[in-house]
Amino acid sequence: MQFEDIDSLLPETIDNMISECMQDFSEHNEMDDTAKYAAKIAAASISSSTRTGHIRIIKAYIIYHLKRNPKWDPMGVTGQTPYDIISFITQKCGRSEDGFEGRKYATAVSSRAALTLWYRHVRPNESMLEWWQDTASGSWLGLPTRSRKVVEFMTGLEKQKAKDGDVSQSARALTVDDMHRLYDHLIAHPNLDAAARRSGIIRYAAYLFAWLLMLRIDEALSLRFESIDKIPGERRFVDVRLLGTRKTAQAGVSHFWRMHANDLDPRLCPIRILALLAAIYKGIRKSGPLFLRTSAYGAVLSEKPIVRS
């Protein structure tokens, strides 16, 4: 693949190449209705947001190598390809003091996943589970991201990151003391005005539900009024149902929890926090997102959910 003027041709050329290569069903217009429907189901194997993130990494990977070698073929697969993958991840995740970008190990994991997606599309008929050389033809078969060299590199990188103390802070579980401090900061702090306290109650409610139900914050923020099943007059418990799919149940298995009142520790009591929410939400329609934003004056902005910052 020749690029006479990399700087001017890279964006458009690469975008078009990636789009064409990753079109799962290029013959879509010629398919009957059943085949089109099946194609739509197959495309749901990866979420649109994950796919978008992977494409961004794939583009960075291609640009990285073309700027090093204008004759490098983004769609070529040879015995050198695993080393190309290692080189890109090293540039992203190698130590900054050694001249690299110093990204965290999570970046390496997402980069490998993105490049697995890329080479799956480049070689759609190859095995997704292995990487090996046909001794008769000398050709390399399978996915280069599954090669032994890449696997060993990823293992070594993870150990190096751990040794360097590069551990994701999100990996540390929130403790009871953390939740108490959040409560005191967002709800009980003596310097809070009425508007800040109303906003703090909603934010703390989202944190508390995520903590009690062991949800990712995005999952907690997706809770809706319809997710809460509160029996009138019942103060001992409330039932919560997570609607739709979740990260650990992408096939749509319904999750149901019963959350009990906590009279021994009111700051961790879901019944009390729901009562505070009910007081704030008085007069608004009880439908849609459960955790809503507030204005600078403390007014609840109906239908405008809190977004992850």
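Derivation of every value follows stated rules applied to the coordinates shown; laboratory data play no part. If you're wondering where the values come from, they're calculated on a predicted model, not measured in any experiment. Every residue, glycine as well, gets a Cβ built from its backbone with ideal geometry; the counts of neighbours run over all protein chains shown.
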Hey, can you grab everything whose amide H is under 5 Å from the amide H of Thr294? Only 5+ residues off in sequence or another chain; H modelled, so Pro and N-termini drop out. Leu301
Give a residue-ordered list of calculated ³J(HN,Hα) values for the stretch 49-54 (Karplus: 6.51 cos²θ - 1.76 cosθ + 1.60, θ = phi - 60°; whole Hz; x for Gly, Pro). 5, 5, 4, 4, x, 5
Amide H of Leu141: which non-local residues (sequence gap of 5 or more, or other chain) have their own amide H closer than 5 Å, using H built in the peptide plane? Trp132, Gln133, Asp134
How many angstrom separate the Cα center of the stretch 65-97 from the Cα center of the stretch 136-202? 26
Provide Leu277, Leu129 in ascending order of the number of other Cβ atoms located within 10 Å of each residue's Cβ, fewest first. Leu129, Leu277
Could the peptides 216-222, 233-239 be put in order, highest first, of the mean number of other beta-carbon atoms found within 10 Å of their residues? 216-222, 233-239
At 0.36 nm per residue, and after removing the present C-alpha to C-alpha distance, how many nm does the segment from Arg95 to Leu141 gain when stretched out fully? 13.3 nm
